[in-house]
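> Please see the structure below; I have some questions.
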Amino acid sequence: MTLLGLMQDRPLLIADLLHYAATYHGDREIVSRSVEGPITRQGYAEAEQRAKKLVKTLLRFGIKDSDRIATLAWSTARHFELFYAVSGMGAVLNTVNPRLFDEQIAYIINHAENRVLFFETSFLEIVERLAPRLPMVERYVVMTDRAHMPSSSSLELACYEDLLAAEDADYDWPLFDERKAASLCYTSGTTGHPKGVLYSHRSTVIHAMAAAQNGAFGISPSDAIMPIAPMYHANSWGLPYIAPMCGAKLVLPGPGMDAQSIQELIESEGVSFTCAVPTVFTTLFQYLEQTGKRIDSLKRAMIGGSAVPRAMADKLFHSYGVKVLQLWGMTELSPLGTIATPTPRVEELPAPLREDILSKQGRVQFGLEIKVLDADGHEVPRDGVTSGELWVRGPWVASGYFRHDQPVLDADGWFPTGDVVAIDEFGYIRITDRAKDVIKSGGEWISSIDLENLAVGHPAVKMAAVVGVFHPKWEERPLMVVVPKDGATVTEREILDYLSDKVAKWWLPDAVVITDDMPLTATGKYRKTELRDRYRDYLTTHKASAGA
């Protein structure tokens with residue numbers, strides 16, 4: 001007979017994160033740049049009171065258990081309140097990326113069957129345009145006050161602040177099964193319809209606890225953290241949950257995602273920790289260099305979404321004193337997969353080797369398992385060189401997609417990430433490519449990511465993307481698309497000369513296209529499907545004599 005432990009069985013629920021912060025860090029600030037312009041400030045205690053008023057508003061709307069509520073919103077204090085009110089009452093928050101195409105936004109809102117849509121005034125035009133195509137949305141709420149409500153609209157709109165003013169905060173967070181759905185984020189895939197990742201309360205809280213550890217994000221009550229990664233992008237990588245759990249100051253940039261606005265908030269609010277995709281730091285560098293301004297309070301920057309160029313990490317540390325934490329993750333992983341923090345064994349290595357290891361995408365935290373398999377399904381050696389496809393499993397990994405019947409996991413519960421990696425003897429992985437992006441030339445593999453990271457080390461290069469395009473002899477050869485820095489010029493020959501002593505000759509791109517038109521996804525990644533389509537026949541039409 002199994003002997004059970006005599007311990008209380010309390011569910012892990014999202015509302016408890018905010019309630020803890022309100023109780024023990026009640027005056028710790030949530031600072032937010034509002035859409036209306038001014039910076040707002042409130043403590044966690046006030047945020048919980050407002051979230052409870054919002055719950056009573058939703059109850060008055062007739063929202064029931066597991067109903068879906070959509071947002072089209074920036075990273076703001078009101079959006080933060082929705083994170084806790086909707087999930088805390090037992091409904092499901094669907095954060096929709098406003099930078100997607102109309103067809104994708106409409107698909108997501110309809111697929112999720114959202115009953116209410118909360119949106120910032122910035123997105124009124126989108127909402128009015130799409131409303132006739134959203135038959136399941138019953139109410140539209142503008143996330144603003146009465147003074148900034150639209151003067152006219154084709155829709156019946158409710159005012160967020162008016163709704164809260166009509167309610168009191170007499171509400172107790174309910175207890176329910178921790179496996180209940182809490183939030184719904186759709187992948188930003190470049191092909192096909194977006195797919196919904198349905199997080200649970202349990203997965204969200206466990207992810208926050210794992211990510212906050214010293215061996216991962218290392219968040220403490222003394223930190224002021226600013227997630228530049230938007231709240232509609234994998235829930236700002238979990239930081240809206242981690243900040244209250246740790247009692248840290250939370251700085252929300254709102255619509256101010258330009259380099260000047262980011263720099264101003266970092267300095268004025270003493271931001272010590274931030275997270276973003278690499279393209280954010282590319283533009284921030286340019287602004288800092290042009291103005292001579294600083295980001296001296298910033299101590300750590302977590303960078304993910306795509307591989308971080310070594311030159312970017314070196315520049316942040318040596319020029320600005322910012323330690324870079326490389327993150328690899330996915331929406332399907334909540335999103336933490338691996339993070340490049342040191343172990344004692346790595347710390348003891350000679351500096352060049354230690355820096356090389358910490359420039360990789362990192363190691364797993366407790367709770368997550370990984371394996372790297374070759375084409376025959378065998379695990380690759382941990383030599384840091386041999387590549388294979390990365391598989392993961394754990395309590396914050398998706399087991400499937402919302403309203404999607406096709407199986408996702410293998411028979412043992414492993415999730416295929418689609419990333420090609422090499423893993424070293426210390427357990428650190430290096431992303432060499434997406435399985436769909438790796439270039440196979442004459443039977444040999446070429447890493448597009450390695451070429452991109454080297455190219456952005458050139459002083460005149462702002463962005464560089466590499467794709468495989470048709471070649472009559474080698475089947476596929478690398479083509480590089482380069483966007484120069486503002487005011488800079490660079491030629492194809494200069495790029496190839498710069499790369500010539502850094503990679504094998506047969507890795508060198510057969511062509512370099514200089515342009516100011518780099519297609520990006522809604523989350524700031526290179527849209528390689530579009531680049532492949534655009535330049536598919538480039539080598540035969542523009543470079544007929546090109547070869548390896």
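The values are calculated or read from the model by the stated rules, or taken from the named source; none is laboratory data. All values reported here derive from a predicted model rather than from experimental measurement. Here the Cβ positions follow ideal geometry from the backbone for every residue, glycine too, while neighbour counts run over all protein chains shown.
> Are there any strands (runs of 3 or more DSSP E) wholly within segment 332-423 with 2 or more residues that are under 27 Å from K180 (Cβ atoms), and if so which?
Counting at least 2 such residues, we get 336-339, 387-393, 415-423.
> Taking K440 as meeting all but one of (1) at pLDDT 90 or above; (2) in a strand (DSSP E or B); (3) over 16 Å from Y526 (Cβ atoms), write down the number of the exception.
Looking at each condition in turn, K440 falls short on (1).
> Residues that are surrounded by fewer than 16 Cβ atoms within 10 Å (Cβ to Cβ): list the helices (runs of 4 or more DSSP H) wholly contained in segment 53-170 that include at least 2 such residues.
Here the list reads 102-112, 124-130, 160-165.
> Here's another thing I want to ask about it. Taking D374 as the residue in question, decide whether it is farther than 27 Å from I206 by Cβ, touching a Ser or Thr at 6+ places or on another chain (Cβ under 8 Å) and surrounded by fewer than 16 Cβ atoms within 10 Å (Cβ to Cβ).
Spelling it out, D374 is indeed farther than 27 Å from I206 by Cβ, touching a Ser or Thr at 6+ places or on another chain (Cβ under 8 Å) and surrounded by fewer than 16 Cβ atoms within 10 Å (Cβ to Cβ).
> Something else: On the basis of being at pLDDT 85 or above, farther than 30 Å from N97 by Cβ, surrounded by fewer than 13 Cβ atoms within 10 Å (Cβ to Cβ) and not charged (D, E, K, R), does G547 make the cut?
In short, no.
> Need the failing condition index for V483 against (1) aliphatic (A, V, I, L, M); (2) crowded, with 21+ Cβ neighbours inside 10 Å; (3) within 14 Å of L531 (Cβ to Cβ), just the number.
(2)
> Which one of D433, D405, D419 is under 23 Å from T341 (Cα atoms) and at pLDDT below 90?
Selected residue: D433, the only one of D433, D405, D419 that is under 23 Å from T341 (Cα atoms) and at pLDDT below 90.
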